[in-house]
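Peer 1: Please see the structure below; I have some questions.
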Amino acid sequence: MTFFSQDETLQQLATEILDATWAKFPELAPNQLALTWIVYDSPVIVNTGGAISAEEFWKYSVRGFSYRGIERIYPASVVKLFYLVAIHEWLESGMVTESQELNRAIRDMIIDSSNDATNLIVDVLTGTTSGPELPQGPFDTWKNQRNLVNRYFRSLGWEELDSINVNQKTWGDGPYGRERAFLGEMMENRNMLTTNAVARLLHTIIGGVAVSSTRSQQMMSLLKRSLNPKDINKAEENQIIGFLGESLVPNAQLWSKAGWTSQVRHDAAYIEIPQQQPYLLIVFTEGKINSQNKAIMPFISQAITTAITKV
């Protein structure tokens, strides 16, 4: 049973949006899109600044909709959300020590989506490092260590996390040496997420119950995105243009983590619009043509923005 209840109104609205999306972008096949949409009705239990305890938070049910929300898809940089929560858990429990350099890497992993920063975080989380191929015995030990983050998320007991894999670094050119061997000959061990899994994790962050209230607030501060055109245009590549934030009204507020490669384009966002119910929207798209199309995500986001007035 997922953490949200399927809602008939959301299903009708979302189905209309999906149909309109496929009509607008016929090159986007039905099996190249996955979506999870969570709406927060009053009383809103998220982004409260820690006003709600974890025990109280989980008493509230939320309504939502998902399309292919349980399909395993390569997440690109969206996986960095999971490494963000994990590193805060390690820091909170004293498994690793805070440092200026570690804080810099955490910041750059989320704000700039730096792969180099992410790879340091994975090293710190697992006590492993990249390098040449290893003999079988040491390699088995190395692989066991690299799966620490997977074991942590399994321990939470959330069914949405049953099928995920979060044990790989993120790359520009790609993995070499022991990293390539760990990925598998057919890349069968690559990172994999579902939109429902991402929604559950982001739900806990914005709810203030990921690791702790204080830690959740720190994560939220990193995920906050400016919608000011001056800020957006500073970077040639950013996590607004071509993603869910592009079509939002200027006075909206956005917390998000995008991911893209030559084969996928994804975004995971929590959105607040004045006088409307806040919502979570996770959208994954696959396919080489679709990954390069910067119009799909804003189109879906604009349609959801319109639909939220009817829920």
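Peer 1: How big is the Kirkwood radius of segment 31-188, worked out from every pair of different alpha carbons and given in Å to one decimal?
Peer 2: 17.9 Å
Peer 1: Under 1.5 on a/c is rounded, so check that first for segment 225-311, then, if it is not, pick prolate when a/b is larger than b/c and oblate when it is not; a ≥ b ≥ c are the square roots of the alpha carbon gyration tensor eigenvalues.
Peer 2: Oblate, since a/c reaches 1.5 and b/c is not below a/b.
Peer 1: Compute the angle between helix 80-93 and the longest alpha-carbon principal axis of the chain, please, reported from 0 to 90 degrees and rounded to the nearest 10.
Peer 2: Approximately 60 degrees, to the nearest ten.
Peer 1: Let me check the size of segment 89-156 from its C-alpha atoms; what are the radius of gyration and Dmax in Å?
Peer 2: When restricted to the Cα atoms of segment 89-156, Rg and Dmax are 13.3, 38 Å.
Peer 1: Let me ask something else about it. Taking the Cα centre of the chain as origin, sum charge times position over the Cβ atoms of Lys and Arg (+1) and Asp and Glu (-1), and report the length of that vector in debye to the nearest 20. Write down the numbers at each step before the final one.
Peer 2: Details: 27 positive and 33 negative charges, 38 e Å.
That gives the chain a dipole magnitude of about 180 debye.
Peer 1: May I ask you to evaluate 6.51 cos²θ - 1.76 cosθ + 1.60, the Karplus curve with θ = phi - 60°, for each residue of segment 287-297 and list the ³J(HN,Hα) values in order in whole Hz, giving x for glycine and proline?
Peer 2: x, 4, 5, 5, 5, 8, 8, 8, 9, 5, 4
Peer 1: Relative to the longest principal axis of the chain, what angle (0 to 90°, nearest 10) does the C-alpha long axis of helix 136-146 take?
Peer 2: Rounded to the nearest ten degrees, it is 30.
Peer 1: May I pose another question? Suppose we keep just the DSSP beta bridges with both residues in the chain; what percent of those would be antiparallel, to 5?
Peer 2: In the chain, DSSP labels about 90 percent of beta bridges as antiparallel.
Peer 1: Helix 8-24 sits at what angle to the longest principal axis of the chain, using alpha carbons and giving 0 to 90 degrees rounded to 10?
Peer 2: 80 degrees
Peer 1: Sorted from largest down, give the three principal axis spans of the alpha carbons of the chain, whole angstrom values.
Peer 2: 59, 45, 42
Peer 1: Step through the residues of segment 118-125 one at a time and calculate ³J(HN,Hα) from phi using the Karplus curve (6.51 cos²θ - 1.76 cosθ + 1.60, θ = phi - 60°), rounding each to whole Hz and writing x for Gly and Pro.
Peer 2: Residue by residue, segment 118-125 yields 4, 5, 5, 4, 4, 4, 5, 5 Hz.
No value in this document is a laboratory result; all are computed from the given coordinates. Quantities reported herein were computed from a predicted structural model and do not represent experimental measurements. Here the Cβ is made from the backbone with ideal geometry for all residues, glycine too, and neighbour counts use every protein chain on show.
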